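Notes follow the structure.
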Amino acid sequence: DRAIVTPAGVDPVFEEPLPVMLDQPYFVLFHDSLTQDQTPLICDTLKKRRADFPHAVVVVGAVRGPEPAHWGPNTLRIEQCPDRMLAALYQHATAFIYPGIRDGGGLRILEALRAGTLVLAPHNDAFDEIAGNTPFYYNGASLASFVQTLRRALDLDPERRKQRVHLGQMIATKFAWEKSAWKLLAALRRTT
């Protein structure tokens, strides 16, 4: 008995150039069942550090359990977000913050990388395997680590940012739907 794992694919819409939808600068946070414990903490931290991080925050994802009654000033909450809209948000964001400590797939990280944005995520073996050292990793149990990592990402000089974004896009293209489908078909052929 063997288990064969084929990664999820990322829709090509994430790399299509799309127009700006919101005033910049802003961060995108994804809120789902894997991040629901951490997303409000991240928003609260950004709210308290408004002088350091004056960015707006766009929280994307369906409602999962209890949420803050008020996400804070300069925060936009989007529950339903089609891929094209999400791609535009990623493409023009200063950074994508994904606090998915328990996520074992990294699909949202791959989408953001393919869209060409910097990614911040808690250190997680699955993310490391999927995206290497392209994301800025922080200790998921430490808000101080998150703040330091965010500051490091924002202080990145333009040339290094461009290199990191390009590397992320190259990594994410390995996870195109077509490639994932071919890997699955090849795996099925080996098992029959």
Task: Scan of the range 82-111 for residues that are basic (Lys, Arg) and either closer than 12 Å to Asn124 by Cα or buried (at least 24 other Cβ atoms within 10 Å of the Cβ) (or both), ordered by number - done: Arg102, Arg108
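Could you check how many residues of the range 174-185 are at pLDDT 75 or above and out of contact with any strand residue (DSSP E or B) (no Cβ under 8 Å at 6 or more places or on another chain)? Quick ask: steps written out before the conclusion?
Step one: of the range 174-185, the residues at pLDDT 75 or above are 174-175.
Filter again for out of contact with any strand residue (DSSP E or B) (no Cβ under 8 Å at 6 or more places or on another chain), leaving 174.
So the count comes out to 1.
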Open item on the list: Against the conditions (1) in contact (Cβ under 8 Å) with a residue 40 or more places away in the chain; (2) open to solvent by 70 Å² or more (accessible area, probe 1.4 Å); (3) within 21 Å of Gly106 (Cβ to Cβ); (4) not aromatic (Phe, Trp, Tyr), where does Arg151 fall short? Just the number, please.
Closed with: (3)
Task: Positions within the range 17-67 being open to solvent by less than 50 Å² (accessible area, probe 1.4 Å) and either of a type in the set (Asp, Glu) or touching a Gly at 6+ places or on another chain (Cβ under 6 Å) (or both), in sequence order - done: Phe30, His31, Asp32, Thr35, Cys43
- [ ] Would you check if Arg161 is without any contact (Cβ under 8 Å) to a residue 60 or more places away in the chain and in contact with a Leu (Cβ under 9 Å, 6 or more places away or on another chain)?
- [x] yes
Task: Cross-chain or 6+ apart pairs with Cβ under 6 Å, the range 178-191 first and more than 13 Å from Ala8 (Cβ to Cβ), then modelled with pLDDT under 70 - done: Ala187/Ile4
Task: Qualifying positions in the range 162-178 - assigned to a helix (DSSP H, G or I) and surrounded by 14 or more Cβ atoms within 10 Å (Cβ to Cβ) - done: Arg164, Val165, Leu167, Gly168, Gln169, Ile171, Ala172, Thr173
Open item on the list: Could you check the range 137-148 and list, in sequence order, the residues that are touching a residue at least 24 places away in the same chain (Cβ under 8 Å) and not in a helix (DSSP H, G or I)?
Closed with: Gly140
TODO: Could you grab the pairs with beta carbons closer than 7 Å, sequence gap of 6+ or different chains, first residue in the range 24-48 and closer than 12 Å to Pro122 by Cβ, second one part of a helix (DSSP H, G or I) and open to solvent by less than 10 Å² (accessible area, probe 1.4 Å)?
DONE: Ile42/Phe146
Open item on the list: Looking only at the range 120-136, how many residues end up being open to solvent by less than 40 Å² (accessible area, probe 1.4 Å) and in a helix (DSSP H, G or I)?
Closed with: 4
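The values are calculated or read from the model by the stated rules, or taken from the named source; none is laboratory data. Predicted model only: the values in this text are computed from it and were never measured. Every residue, glycine among them, receives a Cβ derived from its backbone with ideal geometry; neighbour counts consider all protein chains shown. Heads up: the accessible areas ignore ligands, DNA and RNA and are worked out on the full protein's heavy atoms, side chains in. Shrake-Rupley method; radii C 1.70, N 1.55, O 1.52, S 1.80 Å.
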